[in-house]
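What follows draws every value from the coordinates through simple rules; no lab data is involved. Remember, predicted model here, so these are calculated numbers, not experimental data. Don't worry about glycine lacking a Cβ; one is built from the backbone with ideal geometry, like all the others, and counts go over all protein chains shown.
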Amino acid sequence: MVREMSEIAQTDSGEKTGRALKKVTNPEMNPDEFVAAMDEIEHLSDAGIYRESIAKLEKLFVDNEQYFENDERFLDYCILKGHSLYKMDKFEEAIEVFDVFIEMRPNSPNVMFLRAKCNDYLDRLEDAEKDYKRVIQLDPEAPAASYFLGLVLISKGDITGAKLAFEAALKLNPDDELATEQLKKLPSMDQNNTY
């Protein structure tokens, strides 16, 4: 799994620089320095500096692959990289990273939700629907998954299913204005089958 992600890290960087990243281990980096470097990358990502966070993350991964042999650290890598790619609208690449994460941790509703959003943006409605339903199964208290499932179902022409999804979102969060608005539009949609 680590080898597979090493290949992804070397081929799917945010901006190509024309230089190949060399696989070099950094024997001088101790575990505390590694954790500090991961924290810095997470702060960059949180601040919206995605290209730089991906570049630093990939370099850290390639230079210190031995630290990523720990599943939790590797999963942190996947989350940081996948989230940054998602925020950069690189949905195909983000899905690849999320797939690796989900293979290792299939019961993670947050990562499943991000993959669903990527599939949704790419108009892969069947995949998005499946992922949103899985999020709801894993976390029944997730109103956003129900709301976005409703939007996908509208796109697929399943007005009845969309109505049930929006009602589920409102049951979890009665103040959800977006779900309320979509639900109000549904009766007229049902009559003339347009949105």
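Arrange the peptides 102-110, 128-136 so that the one whose residues have, on average, the most other Cβ atoms within 10 Å appears first.
128-136, 102-110
Order by neighbour count: ASP46, ASP158, fewest other Cβ atoms within 10 Å first, most last.
Result, fewest neighbours first: ASP46, ASP158.
I need ARG51, ARG73 ordered by Cβ neighbour count within 10 Å, fewest first.
ARG51, ARG73
Could you work out the relative contact order of the stretch 97-195? I mean the mean sequence separation of Cα pairs under 8 Å and 6+ apart, divided by the number of residues, in percent.
Normalised by residue count, the contact order of the stretch 97-195 is 18 percent.
From the P(r) of the stretch 44-178, can you give the percent of Cα pairs sitting at distances over 27 Å?
Considering the stretch 44-178, 27 percent of its Cα-Cα pairs are separated by more than 27 Å.
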